[in-house]
Amino acid sequence: MRKHKLLLIFFISFKVLSQPADFKHVNFNRADNNAKSLKEESLKDLPILAHKLTSNLTTDVEKFRAIYIWVCLNIRNDYGNHVQNLKKRRKFKNDSVALYNWNAEFKEKALKKLVKHKKTICTGYAYLLRELASFAGLNCKMVHGYGRTVSTNINQLSIPNHTWNVVLLNNKWYLADPTWSSGFFHFDKGVFVPQYNDGYFLTDPKLFVKSHFPLNSDWILIENNPPSVDDFLTGPLVYGSAFKYHIMPLFPIKMKSEVAINTEVVFQFKVPYNQKENTFSLVVDSGSSNKTIQPSSYNKQTEILEFKKVFKRGLYDVHLKVNEEVVATYIIKGIKPKKR
């Protein structure tokens, strides 16, 4: 069988405005303990709550950490309100007056529910984080835009459907998403599952933009060659585990690719050196069967993990897994080359 190797060497040279690695030396134990010790604290007096969370902390990043952890551990995602809000916004997207009135009505009800029941949607998470941070003397902003999931913002934009935060620390802006950090919604059972994911705290902008695209592109926080909306919509689909384990999909650059049959495709991921190579696998699913592939190489200096796979004719779902958790998904279509 003749094989044609597809060259997929890929280099990233983004200059970013911030790096989570800036705070690797910081011990967050005191900040985390502050947040955990105030578990049942009320939201009726935010200045007092902010003071209790941060008064014994000396650095801005520790103060932001304590507030962030408290919000993520104490606020539950109100999925019913989220669905209702999206339906109304779709209904009124061409009626600015009706949309304005709905937003005003919804915000008032959502704020009351947040304070009384500690339940909200993404806008409420971001609002609460911003307000508490402000009372602690921090410059934190809300960012509105698009969140990419298995059902939204695939190939084409939906209406804006997500909100997150940026915070200024040591004269640099950093990204954070308290909503997606707090847990996930179990669709089959119809319940919110609290499960803290630290990967959305001060996230690398190059990873963050794979699932978050702001309305104001300045908040991408990538200075040189920032990705476009099309890059966002067509790139590989990443899941919470990509953030949890700090794994960056590098190649292929698009989620969907057509390749000639008998072509060897190389999949590349940037994986931190502290992750064990043998915990990773690439699962290739044809619909009728699936095959698990082990890494072909791992370069500890560049932190590039690589898999190789020759595709036959057909459609394949390709998933990177770590510890049996899905990290990223591709769709590969093997086609017969057209005769010239």
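For the range 167-195, a residue qualifies if it is modelled with pLDDT of 95 or more and under 13 Å from the mean Cα position of the chain (by Cα), and the qualifying residues are Leu175, Ala176, Asp177, Pro178, Thr179, Trp180, Ser181, Ser182. Summed over the range 309-319, residues that are out of contact with any Phe, Trp or Tyr (no Cβ under 6 Å at 6 or more places or on another chain) and within 21 Å of Gly235 (Cβ to Cβ) total 6.
Residues are listed down the side, and each one gets a yes or a no for (1) assigned to a loop (DSSP other than H, G, I, E, B); (2) of a type in the set (S, T, N, Q); (3) touching a Gly at 6+ places or on another chain (Cβ under 9 Å):
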{"site": "Lys116", "(1), (2), (3)": "no, no, no"}
{"site": "Leu129", "(1), (2), (3)": "no, no, no"}
{"site": "Lys141", "(1), (2), (3)": "no, no, no"}
{"site": "Tyr146", "(1), (2), (3)": "no, no, no"}
{"site": "Thr152", "(1), (2), (3)": "yes, yes, no"}
{"site": "Pro160", "(1), (2), (3)": "yes, no, yes"}
{"site": "Thr163", "(1), (2), (3)": "no, yes, yes"}
{"site": "Trp173", "(1), (2), (3)": "no, no, no"}
{"site": "Val193", "(1), (2), (3)": "no, no, yes"}
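Please go through the range 22-39 and pick out each residue that is in contact with a helix residue (DSSP H, G or I) (Cβ under 8 Å, 6 or more places away or on another chain) and either closer than 16 Å to Lys118 by Cβ or open to solvent by 90 Å² or more (accessible area, probe 1.4 Å) (or both).
Arg30, Ala35, Lys36, Leu38, Lys39
Can you name the condition, by its number, that Val166 falls short on among (1) open to solvent by 10 Å² or more (accessible area, probe 1.4 Å); (2) without any contact (Cβ under 8 Å) to a residue 60 or more places away in the chain; (3) of a type outside the set (Lys, Arg)? Going through (1) open to solvent by 10 Å² or more (accessible area, probe 1.4 Å); (2) without any contact (Cβ under 8 Å) to a residue 60 or more places away in the chain; (3) of a type outside the set (Lys, Arg) one by one, Val166 breaks only (1). Kindly indicate whether any position in the range 79-100 is at pLDDT 70 or above, farther than 27 Å from Asp230 by Cα and touching a Phe, Trp or Tyr at 6+ places or on another chain (Cβ under 6 Å). Yes, some residue in the range 79-100 is at pLDDT 70 or above, farther than 27 Å from Asp230 by Cα and touching a Phe, Trp or Tyr at 6+ places or on another chain (Cβ under 6 Å). Inspect the range 273-293 for any residue being open to solvent by less than 20 Å² (accessible area, probe 1.4 Å) and under 30 Å from Ile159 (Cβ atoms) and give the result as yes or no. For the range 273-293, residues open to solvent by less than 20 Å² (accessible area, probe 1.4 Å) and under 30 Å from Ile159 (Cβ atoms): absent. Against the test of being farther than 24 Å from Phe184 by Cβ and touching a Lys or Arg at 6+ places or on another chain (Cβ under 9 Å), the options Pro249, Pro227, Pro236 yield a single qualifying residue, Pro227. Per the listing Leu202, Leu215, the residue uniquely of a type outside the set (Phe, Trp, Tyr), under 30 Å from Ile69 (Cα atoms) and out of contact with any Ser or Thr (no Cβ under 9 Å at 6 or more places or on another chain) is Leu215. When Lys244 is tested against the conditions (1) within 11 Å of the chain's Cα centre (by Cα); (2) free of Cβ contacts under 8 Å to residues at least 40 places away in the same chain, the lone failure is (2). Considered as a group, the residues in the range 54-73 that are farther than 18 Å from Tyr174 by Cβ and over 26 Å from the mean Cα position of the chain (by Cα) include one that is most open to solvent (accessible area, probe 1.4 Å), and that residue is Thr58.
Of Pro337, Pro272, all but one fail to be over 26 Å from Arg148 (Cβ atoms) and either in contact with a strand residue (DSSP E or B) (Cβ under 7 Å, 6 or more places away or on another chain) or part of a loop (DSSP other than H, G, I, E, B) (or both); the exception is Pro337.
Yes or no: Asn274 touching a helix residue (DSSP H, G or I) at 6+ places or on another chain (Cβ under 7 Å), polar (S, T, N, Q) and closer than 26 Å to Ser211 by Cα? In short, no.
One residue stands out in the range 230-267 among those that are among the hydrophobic types (A, V, I, L, M, F, W, C) and assigned to a loop (DSSP other than H, G, I, E, B): the one that is most open to solvent (accessible area, probe 1.4 Å), namely Ile253.
Within the range 105-138, the set of residues being open to solvent by 50 Å² or more (accessible area, probe 1.4 Å), more than 22 Å from the chain's Cα centre (by Cα) and modelled with pLDDT of 95 or more comprises Ser134, Phe135, Gly137.
When the range 197-218 is limited to residues that are in contact with a helix residue (DSSP H, G or I) (Cβ under 7 Å, 6 or more places away or on another chain) and in a loop (DSSP other than H, G, I, E, B), the one that is surrounded by the most Cβ atoms within 10 Å (Cβ to Cβ) turns out to be Val209. Taking the range 304-318 as the range and being under 21 Å from Ser241 (Cα atoms), open to solvent by less than 40 Å² (accessible area, probe 1.4 Å) and without any contact (Cβ under 8 Å) to a residue 40 or more places away in the chain as the test, only Leu305 passes.
The values are calculated or read from the model by the stated rules, or taken from the named source; none is laboratory data. Since the model is a prediction, treat every value here as computed from it, not as a measurement. Using ideal geometry, Cβ is built from the backbone for each residue, glycine included, and neighbour counts are taken over all protein chains shown. Each accessible area value is taken on the protein alone, full model and side chains, heavy atoms only, with ligands, DNA and RNA left out. Shrake-Rupley method; radii C 1.70, N 1.55, O 1.52, S 1.80 Å.
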